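Colleague: I have a structure I would like to understand better, so I am pasting it below and will then ask my questions one at a time.
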Amino acid sequence: MLPPKDIRFWRILVQDLPAVIGVILIWRGAWILLDHLEVRLWGAPSLWFAVVTIVVGVILIYIVGRRTGTHGLF
């Protein structure tokens, strides 16, 4: 029989797994859409577009972190 700590871990994992999979699928879909947009606008993937999206992502994480008091990833 598993100790209570292990049972709690698996229960949390099973409960959170659909949310994690959902976030990954949304992220993947957004990634594909941005790739298509980039190719339509500029004809080929560009480095500056990647840098801009990374900077925007970091800013969003920072804003969410300030609002929640967790400072996002930092």
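Read the figures in this text as sums done on the coordinates, not as results from a lab. The structure displayed is predicted, hence computed values, not measured ones. Quick reminder, even Gly has a Cβ in these numbers, built from the backbone with ideal geometry, and neighbours come from all protein chains shown.
Colleague: Nearest 10 degrees, 0 to 90: what angle lies between the long axis of helix 4-42 and the longest principal axis of the chain (Cα atoms)?
Modeller: Rounded to the nearest ten degrees, it is 10.
Colleague: Right, something else. Here are a few candidate values for Rg and Dmax of the Cα atoms in Å: (i) 18.2, 59; (ii) 17.8, 53; (iii) 21.2, 76. Which one was actually calculated from the structure I just gave you?
Modeller: Answer by label: (i).
Colleague: To the nearest 500 deg cm²/dmol, what mean residue ellipticity at 222 nm is calculated for the chain from DSSP H runs of n ≥ 4 alone, each contributing -39,500 (n - 2.57), summed and divided by the residues?
Modeller: -30000 deg cm²/dmol
Colleague: Give the calculated FRET efficiency between Trp31 and Arg66 to the nearest 0.05, with a Förster radius of 35 Å applied to their Cβ-Cβ distance.
Modeller: With a Förster radius of 35 Å, E is 0.85.
Colleague: Can you give the extra length, in nm with one decimal, that the chain gains between Gln15 and Trp48 once fully stretched, where that is 0.36 nm per residue apart less the Cα-Cα distance?
Modeller: 8.0 nm is the gain from fully extending Gln15 to Trp48.
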